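Encoded as structure tokens, the structure appears first; notes follow it.
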Amino acid sequence: MEIVNHILFYASWALLAAGGLLCVIGAFGLVRFPETYTRMHAAGVIDTGGALLILAGLMLQSGLTLETVKLALIMFFLLFTSPTAGYALARGTWSAGHRPITHTRSDARTDGHSDSAGMTDDG
Amino acid sequence: MFWAAMIGILVALALALVRAIAGPTVYDRILAVNSFGTLTVLALSVIGFLMGRPDFLDIALVYALINFIGTIAVLKFLRYGDFARATQADDNDLV
Amino acid sequence: MVDLILGLYNYWIVIALMMAGLYIVISRQNLIKKLIGLNIFQTSVFVLYISIGKVFGGTAPILDGTDRIYSNPLPHVLILTAIVVGVATAALGLALVVRIKEEYGTIEEDDINQMDDES
Amino acid sequence: MTVEEIINIVLLTMLALTAVGIARLRNLFAVTMLSGIYSLLSASIFVVLDAVDVAFTEAAVGAGITTVLLLGTLMLTDREARDGSRANRAGAMIVVVALGGALFYATLDPMMPRFGDPRTPAQTHVAPQYLKDTVPQGSSKEPVKVGIPNVVTTVLASYRGYDTLGETVVIFTAGIAVLLLLGQRRRRRRDTPGQNPSGNKDADRAAGAED
């Protein structure tokens, strides 16, 4: 049993650290990526990778208790709601007239995401 | 050891806040608010364990649900200017 | 010095929030923006009360049978009432804004004043 | 410096930054989004400062209802706010900085209770009585007056029950007032068919004059 506890301890530590790292990576993408669709991809890293790893780490930490059930419920809701919200958001962005950038930076075209001036508000 | 996760979440919260303030389009802001909500849920879960009383995970649960409802309400508002309209015309936009 | 900053940081942030809320209420002409400013001001008071109730080493005042230090429950009760009343007044204010928009066609305060002067 | 203090400081700083962002932006939709973030952050701070009940309420009310109410208002009115005049903004800044400076000076008083200090008057005056009436103190076998484990509920429902009744009355009154304000609008729209609800100024003014 001692060994199993040790393994669980280190596994949860690794999961928590990896989850925190993924959150930071996703948030960096959210700030650095050029337009809404790519930023949506970065936010997906937070919503799936970061959230699931951190919640799994916490579940290993709390063992078979009520907390694990609550964490499982949170995980369940996040797994259902974040793809739905992401889909609705992508669809809203598309129908507002924004189009994804389908070329690399060297093409030097900039009309990809600024073709609907009415939707861009002040910074 | 919850510190590793907590630091990551706090940094991510700050970056999401930057995106929400910077914009530039409304959809970027909605995306940032959505990510911010998910990160808040994670932060609340980790804070519970960090402070030694993990029995307040219910708050995180409530947040996970309210965040989703909020995002859908915002998108419905932007799309139709209304919270309760039928969505028949939806499929014509993608053409 | 560090003790002073740590001991007073909450109050300073509360003051900053109060200033931001008051600035929005005074300087902006838009009525919705003014209501959001009032909201920020309100939240600064909430944070002040909850900060006063915190005790170092304490936990939330929900008993679990063990011997613990608990934070002060009284500010929590007061703020619980204040939040709910706050959203009721905010709803009333927003309804008034909607009516003003219908009567005057604008929600900018200076335009409304100008119209009142003309008529 | 404890764990809670560090998280508290980081979250409070972000809260102040969000407030400044709200003050600077003119697009009302963006302001609504930021006010959602603002209430999420303030609720996280309430959890760190041990006020879990307040965090629950703030989550439901602040992030949920207020955002939807603001969106509904934006739907019926404008989405873009104008800046105030330059003189107006300068005057506001002077007033605000003077007030903030005075408050900041007041906090430097040595009698000002430090954050988290258990010996302040707020901690020693009434609150211990409430806790004592709910918690069995140490080894004493004295019966507990109120048996509810959540002390906030105890105070809210037992000791300050009339307070809560008054709160309900306020909400009821506000609800009636909102219904009266918005119900009148629907009746008038039915009287003058074809009128654009958010329509041009003159038609609205004329309709207002008829009342």
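The values are calculated or read from the model by the stated rules, or taken from the named source; none is laboratory data. Bear in mind that the values here come from a model prediction, so they are computed numbers and not experimental data. Note that each Cβ is placed from the backbone with ideal geometry, even for glycine, and that neighbours are counted across all protein chains shown. Accessible surface areas use protein heavy atoms only, side chains included; no ligands, DNA or RNA. Shrake-Rupley method; radii C 1.70, N 1.55, O 1.52, S 1.80 Å.
Across region B:2-83, Cα-Cα pairs more than 19 Å apart make up 46 percent of the total. The label point for C:D67 and the one for A:A72, both projected 7 Å from the Cα toward the Cβ, are 3.7 nm apart. Modelled spin-label separation between C:D117 and A:I3, with each label point placed 7 Å from Cα along the Cα-to-Cβ direction: 8.7 nm. Toward the positive end of the charge dipole of the protein assembly as shown, with +1 on the Cβ of Lys and Arg and -1 on the Cβ of Asp and Glu, the farthest Cα among C:M1, A:I54, C:S44 is that of A:I54. Decide, for region D:1-82, between rounded, prolate and oblate: order the square roots of the alpha carbon gyration tensor eigenvalues as a ≥ b ≥ c, take rounded if a/c falls under 1.5, and otherwise choose prolate if a/b is larger than b/c, else oblate. Oblate, since a/c reaches 1.5 and b/c is not below a/b. If you roll a 1.4 Å probe over chain C with all protein chains in place, what percent of the accessible area is carbon or sulfur? On chain C, the fraction of accessible area on carbon and sulfur atoms equals 66 percent. Using the 1.4 Å probe convention, the accessible area of the protein assembly as shown works out to 46 Å² per residue with neighbouring protein chains retained. Per-residue 3J(HN,Hα) values for region A:90-100, derived from phi via the Karplus relation 6.51 cos²θ - 1.76 cosθ + 1.60 with θ = phi - 60°, read 4, 5, x, 4, 5, 6, 7, x, 7, 10, x Hz in sequence order (x marks Gly and Pro).
For the pair B and A, the buried accessible area comes to roughly 4300 Å² in total, with a 1.4 Å probe and the value rounded to the nearest 100. Karplus-derived 3J(HN,Hα) values for region C:19-32, using 6.51 cos²θ - 1.76 cosθ + 1.60 with θ = phi - 60°, are 4, 4, x, 5, 4, 4, 5, 7, 8, 7, 8, 6, 5, 5 Hz; glycine and proline are entered as x. Leaving out ligands, DNA and RNA, and with a 1.4 Å probe, what % of the accessible surface on region D:1-82 is carbon or sulfur? After summing per-atom areas, the C and S share lands at 67 percent. Given a 10 angstrom Cα cut-off, can you work out which residue in C:Y11, C:Y49, C:Y70 is the most mobile in a GNM of chain C? Per the Cα network of chain C with a 10 Å cutoff, C:Y70 tops the list. Put simply, chains D and C cover up around 8400 Å² of each other's accessible surface, both sides summed, when a 1.4 Å probe is used.
With the highest mean first, a sort of the peptides A:25-34, D:122-131 on other beta-carbon atoms found within 10 angstrom per residue produces A:25-34, D:122-131.
Shielding value for A:59-72 is 3, the average number of Cβ atoms from other chains within 10 Å of each residue's Cβ. Share of carbon and sulfur in the accessible area of region B:2-83 stands at 74%, probe radius 1.4 Å.
Per-residue 3J(HN,Hα) values for region A:50-57, derived from phi via the Karplus relation 6.51 cos²θ - 1.76 cosθ + 1.60 with θ = phi - 60°, read x, 5, 5, 5, 5, 5, 5, x Hz in sequence order (x marks Gly and Pro). Adding -39500 (n - 2.57) for every DSSP H run of four residues or longer, then dividing by how many residues the protein assembly as shown holds, sets the calculated 222 nm ellipticity at -23500 deg cm²/dmol. Compared with the rule-of-thumb size 2.2 N^0.38 Å for a compact globular protein, the protein assembly as shown has a Cα radius of gyration ratio of 1.03.
Over its Cα atoms, what ratio of radius of gyration to 2.2 N^0.38 Å does region A:2-92 give?
1.25
Taking the three principal axes of the alpha carbon atoms in region D:41-124, the coordinate ranges are 51, 38, 15 Å, sorted in descending order. Near D:N150, the amide H atoms lying under 5 Å from its own belong to C:L63; only residues 5 or more places off or on other chains count, and H is placed 1.01 Å from N. The ratio of the alpha-carbon radius of gyration of chain C to the globular-protein estimate 2.2 N^0.38 Å is 1.48. Per residue of peptide A:1-12, the mean number of Cβ atoms on other chains within 10 Å of the residue Cβ is 0.
Per-residue mean of foreign Cβ neighbours for D:158-170 is 2 (Cβ atoms of other chains, 10 Å radius).
Annotation: amide H of C:Y70 within the under-5 Å range of C:T59, sequence separation 5 or more or interchain, hydrogens built in the peptide plane.
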